[in-house]
1. Tally time: how many residues in the stretch 154-170 are crowded, with 20+ Cβ neighbours inside 10 Å and either on the phi < 0 side of the Ramachandran plot or among the hydroxyl-bearing types (Ser, Thr, Tyr) (or both)?
2. Taking interchain pairs and intrachain pairs at least six residues apart, which have beta carbon atoms under 9 angstrom, with the first residue in the stretch 190-203 and over 16 Å from GLN222 (Cα atoms) and the second aliphatic (A, V, I, L, M) and surrounded by 23 or more Cβ atoms within 10 Å (Cβ to Cβ)?
3. Being in contact (Cβ under 8 Å) with a residue 60 or more places away in the chain and surrounded by 15 or more Cβ atoms within 10 Å (Cβ to Cβ) is the filter here, so list the residues in the stretch 207-222 that pass it.
4. From GLY140, GLY77, GLY107, grab the single residue that is of a type outside the set (Phe, Trp, Tyr), within 25 Å of ALA211 (Cα to Cα) and either in a loop (DSSP other than H, G, I, E, B) or at pLDDT 95 or above (or both).
5. Is there a residue being hydrophobic (A, V, I, L, M, F, W, C), touching a His at 6+ places or on another chain (Cβ under 9 Å) and assigned by TED's automatic domain parsing to the domain that holds LYS216 anywhere in the stretch 84-101?
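The values are calculated or read from the model by the stated rules, or taken from the named source; none is laboratory data. These numbers were taken from a predicted model, which means no experiment stands behind them. Heads up, the Cβs are rebuilt from the backbone with ideal geometry, glycines too, and the neighbour counts pull from every protein chain shown.
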Amino acid sequence: MWNSIVYSKAASKTLNTGYEGRMLATRKRTFLGIVVVLVGILAAACSSGSDAESKPPLSAAAPTGSTTTAVAPAPDGPLAADFTMPLYNGAEFFDGATEVTLASLQGRPVIVNFWAPLCPPCRAEMPDFQELWEELQTIGSDAIVLGVDVGTLTGLGDREQAIEFLDTIDLTYPTGQATDADIVRDYKVLGMPTTVFVHRNGTVMRTWTGAITGDKLREITQELISS
């Protein structure tokens, strides 16, 4: 009887040990499976992020007679109103001039960004315009970016605030102050910021009201410089 009890306890201990071993092995396999799945998800996310960040480079408009690049027809939009803008910076792009007129840029694609120093969305998108400007310079495009400060015309800041803000960021594209209130009406600046894409023939190809993403900015600019 005593031997039976001892055997029974030993057998029970053996069974329990075997069961616990199997449970431990199962948990290890489950844990490893979860780790593998998580690693796969992270790898996919990283791969997806890399693809999203890679952008096709802008290409300058093809010269006349070229068959390598499709050139869109010139838009038949309204004529862009001329204006004179005293410059905050960028005089080196206009032979040292202290102001620039839109009329003097006819024959070149122009991206006109209306902004103000006390407009948070305006300030947030300016690095995208800087990135675009640098890329246009790199590919040798004759397109130009103009940052037109309408703060004094919209109650969103004055000249001193604009200059103070520009001193905090590294912008190299030409910026200046709008002094004629008609510019807000002529360019239908209904919200801030507003970006106007002016074709090289002097017509307005497109107007974008509100903040614009970097990708959309590049997309429309490519259309502009290819037409």
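1. Count: 2.
2. From the stretch 190-203, the pairs are MET192/ALA116; MET192/VAL150; PRO193/ALA116; THR194/VAL112; THR194/VAL150; GLY202/ALA80; THR203/ALA80.
3. The answer is ALA211, ILE212, LEU217, ARG218, THR221, GLN222.
4. Within the list GLY140, GLY77, GLY107, the selection yields GLY77.
5. no
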